[in-house]
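Trainee: Here you go, one structure.
The values are calculated or read from the model by the stated rules, or taken from the named source; none is laboratory data. Fair warning: this is a prediction, and the values are worked out from it, not measured in the lab. Counting neighbours? That spans all protein chains shown, and the Cβs are built from the backbone with ideal geometry, glycine included.
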Amino acid sequence: MKKIATFLLASIAAQNISAQTFIQAYQDRANMVTQTNITTYLQEFAGLGIKTTGSQANANALAWLKSKYLSYGYTAGQIEEDPFTFGNKNSKNLIITKTGTLYPNKYVIICGHFDSITGLGVNDNGSGTSVILEAARILKDVPTEYSIKFIHFSGEEQGLVGSNHYVNTVAYQGGNRVLDIKLVFNLDQVGGVMGNNNNTVYCDQDLGGLSSNNAASATVTQELRNCTALYSPLQTAVDPAEDTDYIPFEQKGEVITGFFERIRSSYPHTTDDTFANTDPVYIYNIGKASVGALQHFAVATGTLGTHETVIKNSLESLKLYPNPIKDFITIELPDSSIKNFSFEITDFSGRSVLKKLNEKKINISGLENGAYIGILKSGDQTVVRKVLIEK
C-alpha cells in the first residue's frame, strides 16, 4: 500500500489533453464486470488467510490465482511464475501474458500485489487483485494491438520485494531493458470502506523520481481519468505516485499510472482489513473503469466478437437496503415480473443461516452482527451481494 501523500493535485485536467472518444464496445465490455464476481473474489481471497510473503497462505493464494486464469481459458504456456527470495523466505510473482495483434513485443502491464501483512488484506490488496482478475476474464479473447501482462506481485508489503525482483531480473537484465513496456497500470487498495460515499478514485501520477518520465505519466494519467469518466460512474482526482509496485518500473524510466482509493481506509495492515470493511460496489465500479482504461491502453478492437454476445444477468441490478441492516432487509428486484425467487444468507464459511422464498421484506433480527453473503436466485440466474448486519 502507499504511504499518505504529502500533497495532492486538484486539477491536472487543465493540461488541455483531449479526451478519448467513447467506444460502445469498450462500454459493453466494462459492463461485463459483475458485482457477483467481485464479491465472490473478495470472499475467496479473505478465506485464504493472512498471505504473508513466504507463508503457506501466500503460496495457496498464488495457486488460487493460477486456477482462476486456467478457468478463464488461459493456457499453461501463458502463465509464468517468477520466484524470488526474501530473507529466508521464498515466494513467487505470477505473470499472465496475452499477446497483441500488431505489437506482440510491446506490453501494457496491469498489476497489483496479492500478499498481505497482519490481516487478511481484503482491501490491501484483495480489491486490486479482484479487479485484475475480472479484467483478465473479460478481455481473454478480445484482440488488442498491444500485448497485456497481468501481473500479481508478492512481497509488496516488505518493501516492493517482488516487483523489484521482476523489474531487475526479468524486465531488465544486467541493467539492459529486455521488455518493451508501453506503460504500467497498478491497482492497490481500491476497496473503500462500507458506508462511505465512495464515488471518487485517485489516479496516480508520477511527480517524483526520474524527471524524464513525468510528462508521459501525466498524459496517461489524464487518459486514465478520461476513461474512468467514460466507462464508469466514478469521479477522479490526482494523487502523487509513491510506495507501491509501479515504483521499481518508474525508477527505470518506465511510464506509470494507477488507481488508489480516494477516501483512505484506516484498516489496511491491521486485523480489521476484512471483507466486512470493504465496499464491493466501489470495487465493482473501479473494475468497470479499469476494463475501459485497459482496452484504451492496449488498443482493443472496437467491435464486439460473436463470442462476446453474452446474455446479461438481469438480476445484477438488484438492490438490497438498508445495508448495513438492523432488523429488516428490503429486496428491490430489477424486474417487477420476477415472481419466483429465493433469497439466502450464508455466513462467511458458506453455512446457510436464513432462507426465504418470494419475500421482499425479510426480518433478520435473529442474526448476529457481522458480514454475510446474500444470494438471490431466480430461474437459472444468480446474484451475490455482501450483507452487513449492525444492530
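Trainee: Do we have residue 117 as in the same structural domain as residue 280 (by TED's automatic domain parsing) and part of a strand (DSSP E or B) here?
Mentor: Values: in the same structural domain as residue 280 (by TED's automatic domain parsing): yes; part of a strand (DSSP E or B): no.
For residue 117, the condition - in the same structural domain as residue 280 (by TED's automatic domain parsing) and part of a strand (DSSP E or B) - is not met.
Trainee: Which condition does residue 3 not pass, out of (1) exposed (fewer than 15 other Cβ atoms within 10 Å of the Cβ); (2) charged (D, E, K, R); (3) within 30 Å of residue 299 (Cα to Cα); (4) at pLDDT below 95, if it passes all the others?
Mentor: With respect to (1) exposed (fewer than 15 other Cβ atoms within 10 Å of the Cβ); (2) charged (D, E, K, R); (3) within 30 Å of residue 299 (Cα to Cα); (4) at pLDDT below 95, residue 3 is out only on (3).
Trainee: Show the residue pairs meeting these rules: Cβ distance below 7 Å; 6+ apart or different chains; first residue within segment 49-69 and closer than 19 Å to residue 123 by Cβ and in contact (Cβ under 8 Å) with a residue 60 or more places away in the chain; second residue assigned to a loop (DSSP other than H, G, I, E, B) and acidic (Asp, Glu).
Mentor: 51/115; 52/115; 53/115; 58/115
Trainee: For segment 67-83, which residues satisfy the criterion of being outside any strand (DSSP E or B) and within 20 Å of the chain's Cα centre (by Cα)? Steps first, please.
Mentor: Going residue by residue through segment 67-83, those that are outside any strand (DSSP E or B) are 67-78.
Hits for segment 67-83 are 67, 68, 69, 70, 71, 72, 73, 74.
Trainee: Quick one: in segment 358-391, of everything that is more than 13 Å from residue 329 (Cβ to Cβ) and charged (D, E, K, R), which residue is surrounded by the fewest Cβ atoms within 10 Å (Cβ to Cβ)?
Mentor: The selected residue is 380.
Trainee: In this structure, is residue 196 in a helix (DSSP H, G or I), in contact (Cβ under 8 Å) with a residue 24 or more places away in the chain, of a type outside the set (Val, Ile, Thr) and touching a helix residue (DSSP H, G or I) at 6+ places or on another chain (Cβ under 9 Å)?
Mentor: Values: in a helix (DSSP H, G or I): no; in contact (Cβ under 8 Å) with a residue 24 or more places away in the chain: yes; of a type outside the set (Val, Ile, Thr): yes; touching a helix residue (DSSP H, G or I) at 6+ places or on another chain (Cβ under 9 Å): yes.
No, not satisfied.
Trainee: For segment 275-299, name all the residues that are within 17 Å of residue 131 (Cα to Cα) and in a loop (DSSP other than H, G, I, E, B).
Mentor: Hits for segment 275-299 are 278, 279.
Trainee: Give the residues of segment 347-377 that are farther than 18 Å from residue 391 by Cα and in a strand (DSSP E or B), sorted by residue number. Explain how you work it out, then say what you get.
Mentor: As a first pass, look at segment 347-377 and keep what is farther than 18 Å from residue 391 by Cα: 348-352, 355-360, 375-377.
Within segment 347-377, 352, 355, 356, 357, 375, 376, 377 meet the criteria.
Trainee: Considering 304, 234, which residue is aliphatic (A, V, I, L, M), modelled with pLDDT of 95 or more and in the same structural domain as residue 39 (by TED's automatic domain parsing)? Break it down into steps so the answer makes sense when it comes.
Mentor: Numbers: 304 fails: modelled with pLDDT of 95 or more.
Step by step, each of 304, 234 is checked, and only 234 is aliphatic (A, V, I, L, M), modelled with pLDDT of 95 or more and in the same structural domain as residue 39 (by TED's automatic domain parsing).
Trainee: Okay, next question. I'm told residue 135 meets every condition in (1) part of a loop (DSSP other than H, G, I, E, B); (2) under 27 Å from residue 25 (Cβ atoms) except one. Can you identify the failing condition by its number?
Mentor: (1)
Trainee: So which of 53, 21 is modelled with pLDDT of 95 or more, part of a loop (DSSP other than H, G, I, E, B), farther than 16 Å from residue 135 by Cβ and in the same structural domain as residue 272 (by TED's automatic domain parsing)? First the steps, then the outcome.
Mentor: Working: 21 fails: modelled with pLDDT of 95 or more.
Checking each option against the conditions leaves just 53.
Trainee: Right, something else. Here are some conditions: (1) under 28 Å from residue 269 (Cα atoms); (2) buried (at least 16 other Cβ atoms within 10 Å of the Cβ); (3) more than 17 Å from the chain's Cα centre (by Cα). Residue 189 meets all but one. Which one does it not meet?
Mentor: Going through the list (1) under 28 Å from residue 269 (Cα atoms); (2) buried (at least 16 other Cβ atoms within 10 Å of the Cβ); (3) more than 17 Å from the chain's Cα centre (by Cα), residue 189 breaks only (3).
Trainee: Conditions first: (1) within 29 Å of residue 49 (Cβ to Cβ); (2) in a helix (DSSP H, G or I). Residue 315 passes all but one, so which condition is the exception?
Mentor: All conditions are met except number (1).
Trainee: Residues being part of a helix (DSSP H, G or I) and buried (at least 19 other Cβ atoms within 10 Å of the Cβ): count how many of those fall in segment 203-259. Quick ask: steps written out before the conclusion?
Mentor: Kept after step one, since they are part of a helix (DSSP H, G or I), are these residues of segment 203-259: 214-231, 247-250.
Keeping just the survivors that are buried (at least 19 other Cβ atoms within 10 Å of the Cβ) gives 217-218, 220-228, 230-231, 247-250.
Result for segment 203-259: 17.
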